[in-house]
Amino acid sequence: MELAGAENVAYRIARELSSNTVEFSFALLDYLGPLGEKAKSNGFSVKVFNRNPGIDKNLIKNLYEYCVSNKFHIVQANQYTPFFYAALALRKLADTKLIFTEHGRHQPDKVRWKRVLFNAYFQRKTAAITGVAQFSKMSLERFEK
């Protein structure tokens, strides 16, 4: 977790909403990073998956097992790559809800047909799709259908 926008939002949500009845865990696809270290030192459960290049099929399996063993009720994926892996990992877990939050967009933005097809298939599994700004929301609608 770098000290960047999406990571800071996730950490602040966890810090502000943690209670005796709500517990937060962080599943990091790539590496720990400074904010991951801070989350860990503040008592949050942090799991690093060390994603391999390309589509990492082991990551999908390991993320699925992690979600099953922890009995997560909600998984929030910040940005598209975590959404991709979470949607694949959670597709067989009916009781786990998935939320996708889009933060930023690469410019110039364009239709990415692989994403459009993926989104159409996994939208049924996704409980909510949000954007942190009107621009993000409009881009999701326009470019990813």
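The values are calculated or read from the model by the stated rules, or taken from the named source; none is laboratory data. Being a predicted model, the structure only gives us computed values, none of them experimental. Every residue, glycine among them, receives a Cβ derived from its backbone with ideal geometry; neighbour counts consider all protein chains shown. SASA here: full protein model, heavy atoms, side chains in, ligands and nucleic acids out. Shrake-Rupley method; radii C 1.70, N 1.55, O 1.52, S 1.80 Å.
With 25 Å as the limit, the listed pairs K47/K92; K38/K137; K40/K125; K92/K114; K57/K125; K61/K137 have K38/K137; K40/K125; K61/K137 beyond it between alpha carbons. Could you list which residues have their amide H under 5 Å from that of V46, counting only those 5 or more apart in sequence or on another chain, with H placed in the peptide plane? Under 5 Å from the amide H of V46: F26.
Annotation: amide H-H contacts under 5 Å for K97 (H modelled 1.01 Å from N, sequence separation of 5 or more, or interchain): I74, V75.
In the chain, helices alone account for a calculated mean residue ellipticity at 222 nm of -14500 deg cm²/dmol, with every DSSP H run of four or more residues adding -39,500 (n - 2.57). For segment 49-70, backbone nitrogen atoms closer than 17 Å to the point 7 Å from K40 Cα along Cα-to-C-beta are found at 49-51. Ranked from largest to smallest solvent-accessible area, with a 1.4 Å probe on the protein heavy atoms, I74, I60 come out as I74, I60. Rounded, prolate or oblate: which fits segment 40-145, taking a ≥ b ≥ c as square roots of the Cα gyration tensor eigenvalues, rounded meaning a/c under 1.5, else prolate when a/b beats b/c? Prolate, since a/c reaches 1.5 and a/b exceeds b/c. Protein-only accessible surface at a 1.4 angstrom probe places the residues R51, R112, R124 in the order R124, R51, R112, largest first.
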